[in-house]
Amino acid sequence: MKKNKLKVLMFGWEFPPQISGGLGTACYGLVSGLIQHNVDVLFVVPKLYGKEDKSKFRFVDANQVAVNFDNPSFNENLKKISYLEINSRIIPYVSPEEFATITDETFSDVTIDNKAKTLKYTFTGKYGKDLIKEVQQYAMVAMQIAKDNEVDVIHAHDWLTYQAGIVAKEVSGKPLIVHVHATEFDRSGEHVNQDVYNIERAGFHAADTIIAVSRLTRRILIDRYDVPPHKVVVVHNAVIPRSKVIYKKENLLDKQIVTFLGRITFQKGPDYFVEAARKVINEMPDVHFVMAGNGDMYLKLVERVAELRMSSRFHFTGFLNSAETDKMYGMTNVYVMPSVSEPFGITPLEAMRSGVPVIISNQSGVAEVLKYVIKVDFWDTNILADSICGLLKYPKISKTLAEEGYKEVEGLKWEYAALRVKEVYQETLKQLS
Amino acid sequence: MKKICFYFQVHQPMRLKSYRFFDISKDHNYFDEEANRRIMRKVADKCYLPMNQLLLDLIYEFKGEFKVSFSISGTALDQFEMYAQDVLDSFKRLADTGCVEFLAETYAHSLSALVSPEEFKNQVERQAKKIESLFGQKPKVFRNTELIYSNHIGWLVNQMGYKTMVTEGADKVLEWRSPNYLYQNQHVPELKLLLKNYKLSDDLAFRFSQSSWGEWPLTADKYVDWLNSISWTEEIVNLFMDYETFGEHQWVETGIFDFMYHLPRLVLERSEFRFCTPSEASEQLQVRGSISVDNPISWADEERDLSAWLGNHIQDDAFESLYRLESKVKRISDKQLQQDWLYLQTSDHFYYMCTKFFADGDVHKYFNHYNTPYEAFINYMNVLTDFEERVNKHIAQLDGRTKLQAVPELKKIAKPIAKSLAKVAPKAKISVKSKAKPTAKAKPAAKAKPTAKEIPLAKKKLPAKVVAKAKPVAKLKKVVKVKPVAKSKTVAKKAAVKKKK
C-alpha cells in the first residue's frame with residue numbers, strides 16, 4: 001500500500017543564496033533533509049530573488065500571492081493582526097552598516113485589483129524599518145496560501161513568521177509547529193523589544209508543538225515565556241556537508257593565529273575574547289588574534305584592544321565574504337566562540353569542518369552536541385586564555401581535536417535532524433487525531 | 001627697523017593605500033602611488049607652481065628686499081622627485097635668488113623627537129643633507145614637525161649644532177608676553193627661539209576666506225594697518241603657516257594671491273617693517289626673554305599640544321608599536337625597508353587617527369582621506385604588522401649569520417656528544433649518510449658550506465624520510481641547539497673522516 005506523502009506548509013523569512021543570518025542556512029538544510037525523507041514541503045518566503053534552487057524546492061513568493069479581500073475572514077484577521085504599532089524599529093540580524101543601506105530600500109506597498117477583489121503586497125524580505133508591517137502583511141498572505149493549499153502540517157521559523165503560522169492554522173485547522181532558532185533574549189539580552197516578545201509568546205502558545213534548537217533554548221522558552229515543558233522538543237541543528245578543504249597557511253608565516261568570527265555584538269561575547277587575548281599574549285607574545293566580522297561593539301573593541309596595547313597582535317578584518325571566511329579558517333590555529341547566549345551556533349561546526357580545533361562557551365546550544373571541543377564559561381577569561389595557550393603549546397591535543405572534531409561534525413547531518421522533525425510532525429498529528 | 005619673517009611649511013605625506021588583513025605577508029608595497037601622484041599634481045598646479053612664481057617675481061621686483069623661508073619635508077621632496085620635477089626646479093630657482101632660506105626638519109615629518117633622540121638625529125641629518133644637495137645651502141635654523149617644542153627637544157636640537165629654532169607662540173607658554181621678540185631656551189640659552197604670531201598668521205591661513213569673520217574681506221592695506229598698530233617696542237612678527245594656504249586651503253578665488261602680490265609693496269612703502277629670513281632675525285635681534293616649556297607644545301588646534309597625533313588609545317598603541325621596532329630596524333641595512341620605516345613615521349598617519357571631533361573637527365576632516373579614525377588605525381596596523389614580519393625576517397637572517405660564525409665553538413661541544421651518540425646508534429648515522437646522498441633534493445643539505453640564507457631552505461627541502469631516519473641527529477639538536485642542517489653536516493663530515501681512516 002502506498003502511503004500518502006506528508007505535506008508541510010513552511011514559513012520562512014530567507015533562503016539561500018540570499019541570506020543575512022544562519023536562519024536561511026538552517027532552513028535550507030532542514031528542507032533538504034525532509035525531502036530526503038519523502039516529505040513534501042511548500043516553502044513560503046516574503047521575496048524570491050531568482051537564484052533559489054527551484055528544481056529541488058517548491059517555493060511560494062509572498063510578493064506574487066493575490067489576497068482576496070472580499071470576504072469576512074480577511075477583515076477579521078486584519079483586525080487581529082494589526083494591533084501592533086508599525087513604526088517600531090526592529091533589526092534582528094543586521095549590522096549598523098547594513099541597516100543604513102537597507103532602510104533606504106525598504107518600502108512596503110499594496111497593489112489593489114478592484115475587479116478581482118484582490119490585493120498584492122510588496123515585500124522586501126529584508127530586516128528594515130517596516131519590518132513589523134511586513135510581518136503583518138506576510139500573515140495576511142499566509143491566510144490566502146493556507147486557503148489555496150491542502151496541507152497536513154504548518155511549520156513556522158522564528159518570530160517573523162509566527163503570525164503567518166497562527167493565521168494559517170486558524171484558516172486550515174491544521175496543527176502548527178513553531179521552530180525556535182533564537183529568542184528575543186538571545187538577540188537583545190535583557191533589553192527585549194516588547195512587540196517582538198509578544199509575537200513570540202503568541203506563537204508559542206498557539207503552537208501545538210515547539211521545536212527548540214537546543215536544551216538551552218528550551219529552558220528559555222519554559223522560564224521566560226511560560227511555555228508548558230511537554231510542548232517543547234529539542235532538535236539540534238546540523239551542518240550542510242561539504243568536502244574537506246585544506247588551506248595552505250600562507251599568511252603571517254610562522255605565526256599562530258587565534259580567531260573569532262561572527263557578529264561583534266553582545267550576544268557573541270567578543271569582549272571576552274579580547275580580554276583573554278591579552279592574557280595569552282602576556283604568556284605567548286608572538287600569537288596573533290583575529291576578530292572577523294562587524295557589529296555594534298566593533299569600535300568599542302578596537303579602542304579596547306588599543307588600550308590593552310596589543311594592536312600589533314590583534315587584527316580586525318571587518319566583514320568577510322564566504323571565500324574569505326574559508327581562507328580565514330585555513331589560517332586559524334584555534335577557533336573561539338565565546339558566546340554569552342547562543343541558541344545553537346553554527347560557526348564552530350564550520351571551523352571543525354575545516355580541521356580547526358575549537359573552543360566554545362558552555363552557554364551555547366552547540367555545546368550540547370559536541371564532544372571534541374574545549375568548553376568554557378564565557379565569563380572565565382582565565383580559563384579561556386589557558387585553553388588557548390594549551391592548544392597552541394601542545395600540538396597533540398590540537399591534532400586530536402582537529403581530527404576527531406572533523407569526524408564528529410561529519411556525523412551531524414541534516415538528514416538525521418530532519419528525520420527527527422518528521423517524527424515530531426507525526427507525533428503531533430497522532431496526538432490531535 | 002621692525003622685521004617680518006615668513007616661514008612656509010611644505011609637506012606631503014606618503015599616504016597608505018587600503019591595505020587589508022589578507023594582504024599581510026603578501027604585499028609589501030604600502031603606499032597609494034596613484035593618490036600620492038594625483039594629490040601632488042593637484043597641489044603643484046594650484047599652489048606650489050603659481051605661488052613659487054609669484055614669490056620669484058616679488059623677489060626680483062623688490063631686489064632683495066623681499067625674503068621668505070621654507071621648510072620642506074623629505075617625504076615632500078621625494079614626491080617632487082617622483083611626480084613633480086617642475087616644482088623642485090622652481091624651488092631651486094627660488095634658492096638661487098639668495099633671498100630664500102631653507103630650514104632643517106625631520107626627513108619623515110615625524111614625531112621622533114618625542115621618543116628617540118637617535119632616530120631624531122638621523123632624520124635631521126638626512127634631511128639637512130638632502131636640502132644641501134638640492135638647494136646648495138646648509139640649513140642653519142631648525143623647525144620640528146608641527147612646531148613641536150619643549151625644553152628637552154630644544155636641548156637635542158642645540159646638541160646637533162643648531163642655534164635657532166622656530167616654534168609656536170603659544171599663550172600657555174608666553175602668558176602675558178608678546179611673541180614679537182627674539183627669545184631663548186631658558187635652560188639652553190645658546191638656542192634662540194622665533195615664535196609664531198598665531199593671530200596674524202592664522203588671519204591668513206585660516207580666516208582669510210571666512211565670510212562670517214568680522215574682518216572679512218581682508219586686504220593687504222588693512223593687514224599693514226594692523227602691523228602698524230603693533231606697539232613700537234616690539235621687534236618682529238613671525239608669520240608661519242602651511243605653504244598650501246596659498247591656492248589649496250585658500251583657493252585662488254579668495255584673492256589670496258592678490259593679497260600676497262600687494263603685501264610686500266605696501267609693507268615696504270607704508271610701514272617700518274622689513275622682510276627677513278629666520279637666520280637674519282636670529283643674528284640681528286637681541287634676545288629679550290627666555291621661555292621654559294616642560295610639556296611639548298605645537299601649532300595645532302586650540303590646545304596647541306600633541307593631542308592631534310597622540311593621546312587616544314589607538315594613536316598611542318600604533319605609535320608605541322611602531323617605535324618598538326626601532327632597535328631592530330637599526331640593525332638592518334635593506335634600503336627599501338629603511339625607506340618604509342621613514343615613511344611610516346610621518347605624523348599624518350597618527351593625525352588620521354585623531355578622535356577629537358569638536359572644535360577642530362573640520363580642519364581634521366579636511367586633511368583626512370579615511371572615513372573614520374578607526375579605519376585609518378586598522379589600515380595602519382595591518383601595514384605595520386607586515387612591516388614587523390619583514391623586520392623579523394631580516395633579523396632572523398642576521399642572527400643566523402652570527403650563529404654560523406659561532407660554529408667552531410659549537411663544534412667543540414658537538415664533538416663529544418656526536419661521539420657518544422655514535423656509540424649508541426652507529427647504524428642510524430650511516431643510514432643518514434647513505435639515504436641523503438642519492439636524492440637530489442638532499443644535496444643542499446649535504447653540501448659542505450651552506451650560507452645562512454640557505455639554511456632554512458635546505459631544512460625544508462630535506463625529505464621527510466631522511467629527517468625521520470636521522471633521529472639521533474635530531475636529538476643532538478635538542479642538546480646543543482644548533483640548526484639541524486649544520487649538525488647533520490658536522491655528523492656527515494665526521495663520518496667521512498672516519499671512512500677515510
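Brief remarks on what is shown
- Check on B:TYR343, under 30 Å from B:LEU398 (Cα atoms), within 14 Å of chain A (Cβ to nearest Cβ) and modelled with pLDDT of 90 or more: no
- Unique match (being on the phi > 0 side of the Ramachandran plot and more than 14 Å from every other protein chain (Cβ to nearest Cβ)) among B:ASP301, B:ASP348: B:ASP301
- Among the residues of region A:271-309, those identified as assigned to a helix (DSSP H, G or I) and acidic (Asp, Glu) are A:ASP271, A:GLU275, A:GLU283, A:GLU303, A:GLU307.
- Here B:ARG20 passes the criteria (1) of a type in the set (D, E, K, R); (2) within 14 Å of another protein chain (Cβ to nearest Cβ); (3) out of contact with any Ser or Thr (no Cβ under 9 Å at 6 or more places or on another chain) except the one numbered (3).
- Residue, nearest to A:LEU261 (Cα to Cα), within region B:21-43, restricted to residues that are at pLDDT 95 or above and surrounded by 17 or more Cβ atoms within 10 Å (Cβ to Cβ): B:TYR30
- Checking each residue in region A:261-302 for being of a type outside the set (A, V, I, L, M, F, W, C) and within 14 Å of chain B (Cβ to nearest Cβ) picks out A:ARG278, A:PRO285, A:ASP286, A:HIS288, A:GLY293, A:ASN294, A:GLY295, A:ASP296, A:TYR298, A:LYS300.
- If you go through region B:161-187 and keep only what is in contact (Cβ under 8 Å) with a residue 60 or more places away in the chain, in a strand (DSSP E or B) and farther than 15 Å from B:LYS199 by Cα, you end up with B:THR164, B:VAL166, B:LEU182, B:TYR183, B:GLN184, B:ASN185.
- A residue that is charged (D, E, K, R), outside any helix (DSSP H, G or I) and under 30 Å from B:ASP96 (Cα atoms) cannot be found anywhere in region B:31-41.
- All of (1) away from chain B (no Cβ under 14 Å); (2) in a loop (DSSP other than H, G, I, E, B); (3) over 24 Å from the mean Cα position of the chain (by Cα); (4) among the polar types (S, T, N, Q) hold for A:ASN382 with one exception: (2).
- Strands (runs of 3 or more DSSP E) lying entirely in region A:59-177 (those with 2 or more residues that are outside the structural domain of A:ALA206 (by TED's automatic domain parsing), closer than 29 Å to A:SER32 by Cβ and at pLDDT 90 or above): none
- Pairing residues of region A:143-154 that are without any contact (Cβ under 8 Å) to a residue 40 or more places away in the chain with residues that are assigned to a helix (DSSP H, G or I) and not hydrophobic (A, V, I, L, M, F, W, C), at Cβ distances under 6 Å and at least 6 apart in sequence or on separate chains, gives no pairs at all.
- Single residue of region A:310-351 satisfying the filter (under 13 Å from A:LYS268 (Cβ atoms) and assigned to a helix (DSSP H, G or I)) that is farthest from the other protein chains (Cβ to nearest Cβ): A:PRO348
- Residue within region B:251-262 that is surrounded by 20 or more Cβ atoms within 10 Å (Cβ to Cβ), outside any helix (DSSP H, G or I) and either assigned by TED's automatic domain parsing to the domain that holds B:SER211 or at pLDDT 95 or above (or both) present: no
- Filtering region B:119-147 to residues that are farther than 22 Å from B:ASP348 by Cβ and in contact (Cβ under 8 Å) with a residue 60 or more places away in the chain leaves B:LYS140, B:VAL141.
- Enumeration of residues in region A:33-58 that are part of a helix (DSSP H, G or I) and surrounded by fewer than 20 Cβ atoms within 10 Å (Cβ to Cβ): A:ILE35, A:GLN36
The values are calculated or read from the model by the stated rules, or taken from the named source; none is laboratory data. In this text the structure is predicted, and so the values were computed from the model without any measurement. Quick reminder, even Gly has a Cβ in these numbers, built from the backbone with ideal geometry, and neighbours come from all protein chains shown.
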